[in-house]
Amino acid sequence: MTASTVSVRHGLVTQTEPSAGRRPLRHRRLNLLITASTFLGVLIAWEVGVRAGGLNELVVGSPTGIASAAWENVPDGRFWHHVRVSGFEFGIGFAAAVVIGIPLGLAAGWYRRIGYMISPWLDAFNAVPRIALLPLVIIWLGIGTQSKIMLVFLSAVGLITFNTFLGVRTVPPILLDVGRAFQIKPLRRFRMIVFPATIPFIVAGLRNALGAAVIGVIFAESYGATEGLGFLMQASAQRLDIDRYFFVVAVFTGFGALCFWILGHLERAFRARLAVAEDN
């Protein structure tokens, strides 16, 4: 077994684990083919089950019905209005959670007094179901855009803060020891050692927070709202329009998948930048 190594290059202290190498391109293509084939197989089985009478279309819908709902709604300007409303509420709430959550988590992890102060509150806050906060948010801010943005923010900020805090606290001690051995000042040690080591935890927190924020949008727009994709889902369910309901679910799913893909690329780009810094 090869031991990990610690290197100091270009202002960054990193710990390198033995690498198993990147998977060949043909393996990635094979995995993509398997995933696509499985998804297509599920759609075919779903459609056949409905056509054969084994599945109740009024309950589970059908792929062709969902495609028909998409064909009807996508050209409709009202649908895109709902998309813009939900996108605005999600974007502002999630951006505010990132701007507040990451610095707060870094500060709590690096400065122990701050960590001791907020850690119990953070644990308690993350234990509260976000749906339970909706009535309070409506009482505080009323039924409007502000309350929906606030629920998105509350759904995401705790997860981002906690993961960032955990990332700082779990930095390998050997890296900090190297920084002290080189007599690196605390703030510079934070920039050179702690922050790069915390990136995977931050990305994991963002991934978890994305899903929670999307759920927050759906909940917020399902109560007392007159616009947004969550409202559209609720209206479709009340009219038993299952195909349009599943179409909106598919829109949310596609949006979440796109966000995860972007996060994955950002993480890989950051790792590649660190690798280049080490090689040079």
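If you go through the range 232-270 and keep only what is charged (D, E, K, R) and in contact (Cβ under 8 Å) with a residue 60 or more places away in the chain, you end up with D241, D243, R244, E267. In the range 162-188, the qualifying residues are those that are without any contact (Cβ under 8 Å) to a residue 40 or more places away in the chain and within 18 Å of I202 (Cβ to Cβ), and the one that is surrounded by the fewest Cβ atoms within 10 Å (Cβ to Cβ) is T170. For the residues V85, V99, the requirement of being buried (at least 18 other Cβ atoms within 10 Å of the Cβ), closer than 28 Å to F255 by Cα and modelled with pLDDT of 90 or more singles out V85.
Examine the range 175-183 for a residue that is among the charged types (D, E, K, R) and in contact with a helix residue (DSSP H, G or I) (Cβ under 7 Å, 6 or more places away or on another chain), and state whether such a residue exists. Steps first, answer last, please.
Taking the range 175-183 first, the residues among the charged types (D, E, K, R) are 177, 180.
Going one step further and asking which of them are in contact with a helix residue (DSSP H, G or I) (Cβ under 7 Å, 6 or more places away or on another chain), we end up with none.
No, the range 175-183 contains no residue that is among the charged types (D, E, K, R) and in contact with a helix residue (DSSP H, G or I) (Cβ under 7 Å, 6 or more places away or on another chain).
Given the condition touching a Lys or Arg at 6+ places or on another chain (Cβ under 9 Å) and acidic (D, E), answer yes or no: does some residue in the range 40-50 qualify? No: the range 40-50 contains no residue that is touching a Lys or Arg at 6+ places or on another chain (Cβ under 9 Å) and acidic (D, E).
Residues in the range 54-69: is at least one surrounded by 10 or more Cβ atoms within 10 Å (Cβ to Cβ), in contact with a Lys or Arg (Cβ under 7 Å, 6 or more places away or on another chain) and at pLDDT below 90? Yes, the conditions are met somewhere in the range 54-69.
Within the range 83-109, residues that are touching a residue at least 24 places away in the same chain (Cβ under 8 Å) and more than 20 Å from F125 (Cβ to Cβ) reach partners that are of a type in the set (A, V, I, L, M) and not in a helix (DSSP H, G or I) with beta carbons closer than 9 Å, at six or more positions or on different chains, in the pairs V85/A225.
For the range 220-230, residues that are closer than 12 Å to V83 by Cβ and not acidic (D, E) total 3.
The values are calculated or read from the model by the stated rules, or taken from the named source; none is laboratory data. Just so it is clear, the model here is predicted, and its values are computed rather than measured. Don't worry about glycine lacking a Cβ; one is built from the backbone with ideal geometry, like all the others, and counts go over all protein chains shown.
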